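For reference, the structure discussed in these notes is given below.
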Amino acid sequence: MPLLFLVITLGLTAGCITVGPDYERPEPVMPDQWRQELVQGLDEGEADLRTWWETFDDPILNSLIERATAANLDLKIAYARIKEARAQLGIATGERYPDINSSGDAVREKVSEGVFETPPPPRQRTDNFSQLSVDGSWEIDLWGRVRRSIESAGANYQASVEDYRDVLVVLYAEVARNYIQLRTLQERIRLAWANVEDQRQTLELVVTRERAGLAPKLDVRQAELNLATTESTIPTLEAARIAAINRLGVLLGQPPHALHAELTPVEPIPRPPMQVAVELPAELVRQRPDLRRTERVLASQTARIGVATAALYPNFSLAGTFGYATFKGDLLDASNETWSLGPFFTWNLFDGGRVRSAIRVEDARAEQALVNYEQSVLNALEDVENAMTGFAQERVRQASLARSVVAAQESVRLVKVLYRTGLTDFQNVLDMERSLFQQQDLAADSQGTVAQNLVRIYRAFGGGWEPDGPAQGQEETYAEDNQDPEVQQVIGGEPTDPKGAKVVKVGASQ
């Protein structure tokens, strides 16, 4: 009874001792602001990334994003991982409570004469035996093994939520990128066919002049070469266009050919807004789901150190059983009661250093998780800086290419006039036509690249969802039950209408 009293007292005071390190969320060193040359052409300001794709003002893109959210298979896999992690948390939480089992049997048996010449009373040589019992055991979490297990499983569950959000970020960026690529290819194909038509007219002109003896046969062959070269670019562009549509179909959880009828009609390349605002670097830790997930993995692994450390100490449990057993009479008669209740403990006194080695294993894994988190932060900063540089510099390039297209168009017009009047040779016409097609193709591709680089900025900042609280840590709470709507509410749910703004703002929401 004194030992039982001691164990009950330990159970009531369990929670005062929790072995292993207490987790503290790391604070990575972040620059106060972006370097000035990185934000040339960009503005500083607050940001709203929840539905960034609507800044392109393209209803088709908005529809594709909405359908991808509902049907993308990678997103469904990530959602299933949330449910798996939530169930694992339920398993860990269940260790807080007693383990209670019930058993019973009813058998007829004969005692061997080689064992008993005369069976002891009340048994007979052939007899019926029946029993019914309930037994249970409860681990007293004196050293915090169970609490650390719950802490680790909870952090893993939170990491799965962040993983879902990261899939959202990547999915929205991929849909937008492929859609912009599709419209860019359509524009390049349109320009290629326009140049083919112009070069056919030039070929007809040269053939006419050659027949009249005003141009050599060489001019005809050169015109044919120029036309064939331009025509040869179209199949490659067409193949890339079909691949972009196929990719969009798969991103929407449909067969590759499902969107061809919808997306084949030509539409303009989505245009970025004239002004784009960026947030401070410190907001990355709060906004990017991959960083939040990596931090939660670190928290989970830190708790695993405590789980391993608890194996150094004795494990106290309280066990008991209550039931009935008899060879005759009413099974549930009070005289047939049987019960037991008492504490027990186990303590590994010698294991060849296995427990301490297991602790070192978990500690080394936590060290790896910390370094991985720090590396992820650096990679995130690199992503943003590269995206901003690419966006700003491509805009400068686009403006230069736009001027070159105007100059090339005027050059082609003037050189054809000179050629008809005999004031220049045909080589200048060929050079100008080739230059015009090249500059138009580069300008169209640059226009699409500017839009895609803006998408890169949105993705680098973790756009596509809106954090409600501070940067991920133990202070942030998550849904506690297994109902799918609750989990859906935690991870963001369907996109909502953005707050209207004339200036597009890129970064974390306030």
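Tabulated results
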| read-out | value |
| --- | --- |
| Test: residue in region 373-383 that is of a type in the set (Gly, Ala, Ser), surrounded by 12 or more Cβ atoms within 10 Å (Cβ to Cβ), assigned to a helix (DSSP H, G or I) and touching an Asp or Glu at 6+ places or on another chain (Cβ under 8 Å) | yes |
| Pair list, Cβ under 8 Å, 6 or more apart: region 70-81 residue in contact (Cβ under 8 Å) with a residue 60 or more places away in the chain and polar (S, T, N, Q), other residue surrounded by fewer than 17 Cβ atoms within 10 Å (Cβ to Cβ) and part of a helix (DSSP H, G or I) | none |
| Checking residue 372 against (1) within 21 Å of the chain's Cα centre (by Cα); (2) at pLDDT below 95, the condition it does not meet | (2) |
| Single condition residue 299 does not satisfy, out of (1) modelled with pLDDT of 95 or more; (2) surrounded by fewer than 23 Cβ atoms within 10 Å (Cβ to Cβ) | (2) |
| Flag for residue 320 being small (Gly, Ala, Ser) and crowded, with 16+ Cβ neighbours inside 10 Å | yes |
| Residues (hydrophobic (A, V, I, L, M, F, W, C) and free of Cβ contacts under 8 Å to residues at least 60 places away in the same chain) located in region 374-394 | 378 |
| Top-ranked residue of region 408-466 - restricted to ones that are hydroxyl-bearing (Ser, Thr, Tyr) and either in a helix (DSSP H, G or I) or under 24 Å from the mean Cα position of the chain (by Cα) (or both), ranked as farthest from residue 165 (Cα to Cα) | 419 |
| Residue in region 396-403 that is part of a helix (DSSP H, G or I), more than 30 Å from residue 459 (Cα to Cα) and at pLDDT 95 or above present | yes |
| Contacts under 6 angstrom Cβ, first residue in region 335-348 being surrounded by 12 or more Cβ atoms within 10 Å (Cβ to Cβ), partner assigned to a loop (DSSP other than H, G, I, E, B) and modelled with pLDDT of 85 or more, 6 or more apart | 345/314 |
| Number of the exception - residue 266 against (1) buried (at least 22 other Cβ atoms within 10 Å of the Cβ); (2) within 23 Å of residue 68 (Cβ to Cβ) | (1) |
| The listed residue being under 30 Å from residue 455 (Cα atoms) and of a type in the set (D, E, K, R), out of 367, 382 | 382 |
| Selection count where residues are in a helix (DSSP H, G or I) and more than 20 Å from residue 188 (Cα to Cα), scope region 202-255 | 22 |
| Sole residue being out of contact with any helix residue (DSSP H, G or I) (no Cβ under 8 Å at 6 or more places or on another chain) and more than 30 Å from residue 30 (Cα to Cα), chosen from 204, 238 | 204 |
| Some residue of region 284-293 being polar (S, T, N, Q) and crowded, with 23+ Cβ neighbours inside 10 Å | yes |
| Contacts under 6 angstrom Cβ, first residue in region 124-143 being at pLDDT 90 or above, partner basic (Lys, Arg) and assigned to a loop (DSSP other than H, G, I, E, B), 6 or more apart | none |
| Of all residues in region 300-351 being under 19 Å from residue 103 (Cα atoms) and of a type in the set (Phe, Trp, Tyr), the one that is nearest to the chain's Cα centre (by Cα) | 322 |
| Candidate set from region 71-100 (those that are surrounded by fewer than 19 Cβ atoms within 10 Å (Cβ to Cβ) and among the charged types (D, E, K, R)); member that is nearest to residue 169 (Cα to Cα) | 74 |
| Residue tally, condition at pLDDT below 95 and under 30 Å from residue 282 (Cβ atoms), over region 45-68 | 12 |
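The values are calculated or read from the model by the stated rules, or taken from the named source; none is laboratory data. None of these values were measured; they are calculated from a predicted model. So basically every Cβ, Gly included, is an ideal-geometry build from the backbone, and we count neighbours across all protein chains shown.
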